[in-house]
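The values are calculated or read from the model by the stated rules, or taken from the named source; none is laboratory data. Since the structure is predicted, the reported quantities are computational estimates derived from the model, not experimental observations. In this analysis, Cβ positions are derived from the backbone assuming ideal geometry, glycine residues included, and neighbour counts consider all displayed protein chains. For the accessible areas, the whole protein counts, side chains as well, though only heavy atoms, and no ligand, DNA or RNA atoms are used. Shrake-Rupley method; radii C 1.70, N 1.55, O 1.52, S 1.80 Å.
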Amino acid sequence: MPVALLAIAAIVAAFIRLPYDTIGPGTSRQVNDLVLVHDVRSFPPQGQVMYTTVSVRERVTPYEALIGWLDPNTAVESEKSVRGPVPPKQFEQLNVQEMADSKKVAEAVALEHLGYHVVQGTGAAVRTTSPGSPAAAVLRPNDVIVAVGGTPVSTKEQAADAIKNHRPGERLRLSIVRGASTPTTVEATLASGPDGKGYLGVYLDTAGLAFKLPFQIDIDSGSVVGPSAGLAYALELLDLLTPGELTGGAKVAATGDLNLDGSVGAIGGVYQKAVTVRRAGATVFLVPKDNYAEAKASAGSHLKVYAISSFDDALRVLGSLQGSNALALPRPAGGS
């Protein structure tokens with residue numbers, strides 16, 4: 001009888017599904033042949049820029065969970081910690097959209113770095129204001145700032161830079177559009193921010209965000225989803241559009257959530273990604289600053305891990321590699 005019960009239990013354990021996922025090492029792929037440009041001169045590099053993925057198994061069986069717990073390179077995470085309250089189907093759709101967005105951001109960041117002005121908007125939309133800040137007295141959510149101190153702005157970055165050009169205590173004029181009304185002017189006296197520059201206390205997004213590319217760019221992401229390949233795509237595009245070698249001819253892996261302002265945010269599964277990159281033979285791994293410790297812990301002795309917070313940080317790291325042109329990139333004629 002006990003033997004029969006054990007057999008039944010073993011059969012049940014092979015089919016029952018737990019609310020846990022396993023996250024293990026995935027694949028690492030060079031993106032040199034995934035990024036293509038048309039009707040512009042290009043310089044195919046010899047070195048490789050690589051992205052990396054993780055292998056995820058959802059709602060694993062007790063056996064799979066046990067194997068994951070015993071494998072030092074695999075993490076076993078609850079569904080809630082991976083997806084939060086988002087339903088699986090919606091979570092999948094969000095990941096697909098994040099990949100689509102990351103490709104657009106990669107194109108914009110690389111081209112803006114080369115002097116092309118491709119990011120366009122209709123102003124800086126107010127997301128929220130800090131309680132008690134100068135902005136709280138004059139701005140409302142969904143207001144769109146179209147000029148700062150008389151200077152027109154079309155993106156949140158332009159608005160933020162314009163605000164910081166003014167000193168604490170200055171009376172700042174803002175031209176805003178509220179709802180369907182015509183632009184009106186409001187004024188606020190700037191406080192002093194943590195950096196000693198003028199502080200308004202407003203959180204902004206770009207209104208009517210659009211990208212106007214000077215030539216056609218194709219990025220083939222295949223079945224890969226999520227935002228973490230954007231940094232690799234941006235570096236490859238920059239390498240493709242400039243003579244010389246961005247990586248110095250080395251095999252470089254990169255991961256991170258690249259944002260439109262060039263900042264690079266943390267992502268998940270970096271411990272497993274470092275294992276993947278190491279096995280793929282990369283010599284350099286660029287990771288978000290907040291992910292550095294876990295990447296370093298699984299990098300081994302031959303993979304050099306570098307912490308970065310921005311696209312410029314990534315270029316500074318690459319510029320330290322022998323043969324890299326990262327610190328002396330030319331600007332192509334016609335940037336506009």
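Structure data summary
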item	result
Residue tally, condition small (G, A, S) and assigned to a loop (DSSP other than H, G, I, E, B), over the range 81-90	1
From the options L204, L238, residue that is open to solvent by less than 30 Å² (accessible area, probe 1.4 Å), in a helix (DSSP H, G or I) and among the aliphatic types (A, V, I, L, M)	L238
Hits in the range 18-46 (condition: among the aliphatic types (A, V, I, L, M) and either free of Cβ contacts under 8 Å to residues at least 12 places away in the same chain or closer than 10 Å to L240 by Cα (or both))	V35, L36, V37
Residues that are in a helix (DSSP H, G or I), open to solvent by less than 60 Å² (accessible area, probe 1.4 Å) and either among the hydrophobic types (A, V, I, L, M, F, W, C) or free of Cβ contacts under 8 Å to residues at least 12 places away in the same chain (or both), drawn from the range 256-302	V270, A274, V275, V277, A280, A295
In the range 91-134, the residues that are assigned to a loop (DSSP other than H, G, I, E, B) and closer than 17 Å to L200 by Cα	S130, P131, G132, S133, P134
Scope the range 29-53; condition open to solvent by 30 Å² or more (accessible area, probe 1.4 Å), in contact with a Lys or Arg (Cβ under 9 Å, 6 or more places away or on another chain) and either at pLDDT 95 or above or small (G, A, S) (or both); matching residues	none
Subset of the range 54-73 [open to solvent by less than 80 Å² (accessible area, probe 1.4 Å), more than 25 Å from T283 (Cβ to Cβ) and in a loop (DSSP other than H, G, I, E, B)]	V60, T61, D71
Odd one out for A253, checked against (1) in a helix (DSSP H, G or I); (2) under 21 Å from A75 (Cβ atoms)	(1)
Breaking point among (1) closer than 30 Å to L174 by Cα; (2) without any contact (Cβ under 8 Å) to a residue 60 or more places away in the chain; (3) buried (at least 17 other Cβ atoms within 10 Å of the Cβ), for A137	(3)
Search result, residues across the range 140-159 that are open to solvent by 40 Å² or more (accessible area, probe 1.4 Å), in contact (Cβ under 8 Å) with a residue 40 or more places away in the chain and in contact with a strand residue (DSSP E or B) (Cβ under 7 Å, 6 or more places away or on another chain)	K156
The listed residue being open to solvent by less than 40 Å² (accessible area, probe 1.4 Å), farther than 26 Å from E236 by Cβ and at pLDDT 90 or above, out of A110, A162	A162
Whichever residue in the range 207-235 is more than 19 Å from the chain's Cα centre (by Cα) and open to solvent by 20 Å² or more (accessible area, probe 1.4 Å) and, among such residues, is farthest from A274 (Cα to Cα)	G208
